[in-house]
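A.B. asks: Okay, handing you the structure first.
The values are calculated or read from the model by the stated rules, or taken from the named source; none is laboratory data. Nothing here was measured: the structure is a model prediction, and the numbers come from that model. Here Cβ is always computed from backbone atoms with ideal geometry, including for glycine, and neighbour counts include all displayed protein chains. For the accessible areas, the whole protein counts, side chains as well, though only heavy atoms, and no ligand, DNA or RNA atoms are used. Shrake-Rupley method; radii C 1.70, N 1.55, O 1.52, S 1.80 Å.
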Amino acid sequence: MNTPAPRYSRITGTGSHLPPRRLSNDDMVALLAARGVETSDAWIVERTGIRARHFAADGVACSDLALAASRAALQAAGRRAEEVDLIIVATSTPDMVFPSTAAILQHKLGVAGCPAFDLQAVCSGFVYALAVADAMIRAGSARCALIVGAEIFSRILDFDDRTTCVLFGDGAGAVVLEASPEPGILASDLHADGRHVGILCVPGTVAGGRVSGDPLLKMDGPAVFKLAVGVLDSTARAVLARAGRTEADLDWLIPHQANIRIMQGTAKKLKLAPEKLIVTVDEHGNTSAASVPLALDVAVRSGRVQRGDTVMLEGVGGGFTWGAVLLDF
Ligand code: ACO
């Protein structure tokens with residue numbers, strides 16, 4: 001007899017990892033000054049809320065950060081890697097063009113056989129991956145998924161461009177998502193609008209045996225800012241409506257950690273008390289697909305997010321992509 005598909009998926013463990021090399025804003029000021037590029041701690045803090053970021057050492061791969069975060073999440077969930085039947089890695093900075101970082105991570109975890117793939121939605125990647133894994137679990141095609149956001153953005157930064165290089169950092173966050181008779185994930189809402197490809201991109205590619213085009217990050221910050229403020233509000237309202245909940249039901253908001261002004265603006269529009277906004281952008285910078293699971297893990301391990309709390313996760317980034325997942329933790 002076939003077992004019926006579970007009605008819900010639920011996060012059973014979280015984990016994260018930051019590479020040990022921490023650069024304060026003053027470290028960035030010194031690093032850029034050596035190249036004749038001027039910036040200041042005051043400008044970075046005032047415009048973004050960022051005080052520090054972590055950079056991976058040479059030779060460390062995206063899959064190494066993903067592995068450390070995955071091990072922590074599996075331990076928190078009380079699961080062994082052998083029990084995982086789906087691996088999704090959200091990343092824009094994979095180890096290689098192919099195979100996927102997820103396949104490399106699977107091998108580093110010492111297991112084989114389960115489906116493993118990367119998901120590319122830039123800073124919305126983790127929210128996208130969580131929604132995909134939730135759908136796969138509810139469809140009955142997985143029961144214990146490992147979902148990772150992992151990035152080494154320091155390798156695609158242009159350190160002669162002060163408008164972008166001070167914003168980003170490296171890291172990884174992971175969750176174990178399992179089939180459950182109780183929610184769990186309540187609803188998700190995902191979007192993309194390819195008309196805005198040019199405002200945030202790494203236009204280079206590999207062709208004819210060499211890198212063709214510019215392989216460094218380009219961003220029209222003010223254009224991204226304007227779009228982000230609008231879509232983070234609309235996706236928050238859409239996911240609440242889909243779940244039959246309201247802003248008043250929210251215990252925590254964990255938006256993509258790109259800029260404190262965007263995050264506080266989103267919380268304010270939802271009439272959320274400032275202490276319900278989880279902030280890690282100050283210590284992590286923008287870690288793209290890793291930012292939401294990193295912030296979730298920090299919030300869980302600090303005892304703020306507790307079992308049963310209603311949490312909204314929000315992503316926004318290159319593509320342009322955006323979306324939200326609402327869950328009872
Ligand atoms: N240090 C000192 N001055 C700087 C720096 C710096 N690091 N960077 C820019 N400036 C200067 C500019 O040159 C400009 O000077 P000018 O007025 O003399 O021309 C001035 O500061 C203002 O520049 P703006 O770009 O207008 O500054 P803004 O207030 O818009 O802040 C920022 C820029 C922080 C990038 C902001 O636009 C932002 O956060 N955008 C959204 C980023 C985001 O949300 N990304 C999410 C997705 S990321 C992803 O998907 C990978």
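A.B. asks: Could you order Met219, Met263 by accessible surface area, starting with the largest, using a probe radius of 1.4 Å?
C.D. replies: Met219, Met263
A.B. asks: Return the single residue from Gly265, Gly194, Gly209 with maximal mean-square fluctuation; model: Gaussian network over the chain, springs between Cα atoms under 10 Å.
C.D. replies: Gly209
A.B. asks: Long-range amide H contacts for Gly13: which residues qualify at under 5 Å (H placed 1.01 Å from N, peptide plane, sequence gap of 5 or more or a different chain)?
C.D. replies: Val176
A.B. asks: Given Cα pairs under 8 Å that are at least 6 residues apart, what percent is the relative contact order of the chain?
C.D. replies: Here the relative contact order equals 26 percent.
A.B. asks: Now for a different question. Using a 1.4 angstrom probe with every protein chain in place, what is the largest-first accessible-area order of His256, His17?
C.D. replies: Sorted descending by solvent-accessible area, the residues read His17, His256.
A.B. asks: Tell me the Kirkwood radius of the stretch 8-180: reciprocal of the mean inverse pair distance over distinct alpha-carbon atoms, in Å.
C.D. replies: Its Kirkwood hydrodynamic radius stands at 16.8 Å.
A.B. asks: Using a Gaussian network model of the chain whose springs link C-alpha atoms within less than 10 Å, name the residue from Pro215, Pro255, Pro19 with the highest mean-square fluctuation.
C.D. replies: For the chain, modelled as a Gaussian network with Cα springs under 10 Å, the answer is Pro215.
A.B. asks: Another question about this same structure. Taking amide H positions as placed 1.01 Å from N in the peptide plane, with prolines and chain starts having none, which residues 5 or more places from Thr93, or on another chain, fall under 5 Å of its amide H?
C.D. replies: Excluding prolines and chain starts, which carry no amide H, the hits are Ile152.
A.B. asks: Quick one: ranking Glu82, Glu151 by accessible area, 1.4 Å probe, largest first, what do you get?
C.D. replies: Glu82, Glu151
A.B. asks: Compute for the chain: radius of gyration divided by Kirkwood radius, i.e. Rg/Rh, restricted to C-alpha atoms, rounded to two decimals.
C.D. replies: 0.96
A.B. asks: Go ahead and estimate [θ] at 222 nm for the chain from helices alone: -39,500 (n - 2.57) per DSSP H run with n ≥ 4, summed, over the residue count, rounded to 500.
C.D. replies: -10000 deg cm²/dmol
A.B. asks: Evaluate the relative contact order of the stretch 74-223 (contact order divided by residue number), counting alpha-carbon pairs under 8 angstrom at least 6 apart; express in whole percent.
C.D. replies: 21
A.B. asks: Next question, about the same structure. Using a 1.4 angstrom probe, figure out how much accessible area the chain has per residue, in square angstrom, rounded to the nearest whole.
C.D. replies: Here the residues of the chain average 42 Å² of exposed surface.
A.B. asks: Which one of Asn25, Ala61, Ile104 has its Cα pushed farthest toward the positive end of the charge dipole of the stretch 8-180, where Lys and Arg give +1 and Asp and Glu give -1 at the Cβ?
C.D. replies: Ranked along the dipole, the leading option is Ile104.
A.B. asks: Check cross-link reach from Lys271 to the lysines: straight Cα distance under 26 Å, and skip same-chain residues fewer than eight apart.
C.D. replies: Straight-line reach from Lys271, under 26 Å: Lys226.
A.B. asks: Same structure again: If you plug each phi of the stretch 305-319 into the Karplus form 6.51 cos²θ - 1.76 cosθ + 1.60 with θ = phi - 60°, what whole-Hz ³J(HN,Hα) values come out, in order, with x for Gly and Pro?
C.D. replies: 7, 10, 3, x, 5, 8, 10, 10, 9, 9, x, 7, x, x, x
A.B. asks: Taking the Cα centroid of the stretch 131-200 and of the stretch 33-69, what is the distance between the two, rounded to the nearest whole Å?
C.D. replies: One Cα centre to the other: 19 Å.
A.B. asks: Tell me, what HN-Hα J-couplings in whole Hz come from the Karplus equation 6.51 cos²θ - 1.76 cosθ + 1.60 at θ = phi - 60° for each residue of the stretch 10-22, using x for Gly and Pro?
C.D. replies: 9, 6, 10, x, 10, x, 7, 8, 10, x, x, 6, 9
A.B. asks: Rolling a 1.4 angstrom probe over the protein chains, ignoring ligands and nucleic acids, what is the accessible area of Ser188 in square angstrom, nearest 10?
C.D. replies: For Ser188, the solvent-accessible surface is approximately 30 Å².
A.B. asks: Of the residues Leu177, Leu270, Leu74, which exhibits the maximal mean-square fluctuation in a Gaussian network model of the chain defined by a 10 Å Cα contact cut-off?
C.D. replies: Top of the fluctuation ranking is Leu270.
A.B. asks: If I take every Cα pair under 8 Å that is 6 or more residues apart in the stretch 70-154, average their sequence separation and divide by the length, what percent do I get for the relative contact order?
C.D. replies: Once normalised by length, the contact order is 41 percent.
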